[in-house]
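Working notes for the structure below.
The values are calculated or read from the model by the stated rules, or taken from the named source; none is laboratory data. The model shown is predicted, which means the values in this text are computed figures rather than measured ones. Every residue, glycine among them, receives a Cβ derived from its backbone with ideal geometry; neighbour counts consider all protein chains shown. Side chains included, ligands, DNA and RNA excluded: accessible areas come from the protein's heavy atoms. Shrake-Rupley method; radii C 1.70, N 1.55, O 1.52, S 1.80 Å.
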Amino acid sequence: MRKYGVVDTTFSRVDMGSIAIKVIRSEDPDAEIIRYTVPGIKDMPVAAKRLLDEGCDGVITLGWVGKTMLDKYSYLATSIGLIMTQILTSRHIIDVTVHEDEVDDEEKLKELAIDRTTKHAKNLVRLVRDGKNALTPYAGKGLRQGYENAGPID
Ligand SMILES: Cc1nc2c(=O)[nH]c(=O)nc-2n(C[C@H](O)[C@H](O)[C@H](O)CO)c1C
């Protein structure tokens, strides 16, 4: 049976973990989902690794990056950790990140977080359940997560 990992943080200002679980459950109803909540983004690589070690086929991480330079450096470190974990485990970790300064308006930030989480949770299911060509029909289509799609250049 397929197993998905969901890693989220208490730092985040939107409960993206619950959204991701709802989407994965509706896309792949028979799958098992394991949630692991950590304090902040720098704690996510080891959480993702532990879920993969426990048998998850893929993981989605849901990070929230604050507005300061220190927050941004923390994300850079996190991103490197997540990429290293993917290479070491040969498993996908879909790194969903909301940067608090992407938009000024809090309602819009929440909408962005929901949209990005939803679209990437679907991407994770496609990659894990359907394999490496599942996204090929969408290649070059200028898809965006958190925003309107940019669309292809004809
Ligand atoms: C500076 C900083 N910024 C963020 C952030 O923008 N987002 C986030 O989720 N967590 C941040 N943290 C906390 C660290 O990721 C981590 O939780 C602590 O250093 C404890 O290991 C820190 C320390």
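Any residue at all in the range 78-92 that is open to solvent by less than 70 Å² (accessible area, probe 1.4 Å) and free of Cβ contacts under 8 Å to residues at least 24 places away in the same chain?
Residues of the range 78-92 that are open to solvent by less than 70 Å² (accessible area, probe 1.4 Å), as a first pass: 78-79, 81-82, 85-86, 89.
Cutting the leftovers down to free of Cβ contacts under 8 Å to residues at least 24 places away in the same chain gives us 79, 86.
Looking through the range 78-92, at least one residue is open to solvent by less than 70 Å² (accessible area, probe 1.4 Å) and free of Cβ contacts under 8 Å to residues at least 24 places away in the same chain.
Has the range 47-64 got any residue that is of a type in the set (A, V, I, L, M, F, W, C) and without any contact (Cβ under 8 Å) to a residue 40 or more places away in the chain? Explain how you work it out, then say what you get.
If we filter the range 47-64 for residues that are of a type in the set (A, V, I, L, M, F, W, C), which is where we start, we get 47-48, 51-52, 56, 59-60, 62, 64.
Keeping just the survivors that are without any contact (Cβ under 8 Å) to a residue 40 or more places away in the chain gives none.
Within the range 47-64, not a single residue is of a type in the set (A, V, I, L, M, F, W, C) and without any contact (Cβ under 8 Å) to a residue 40 or more places away in the chain.
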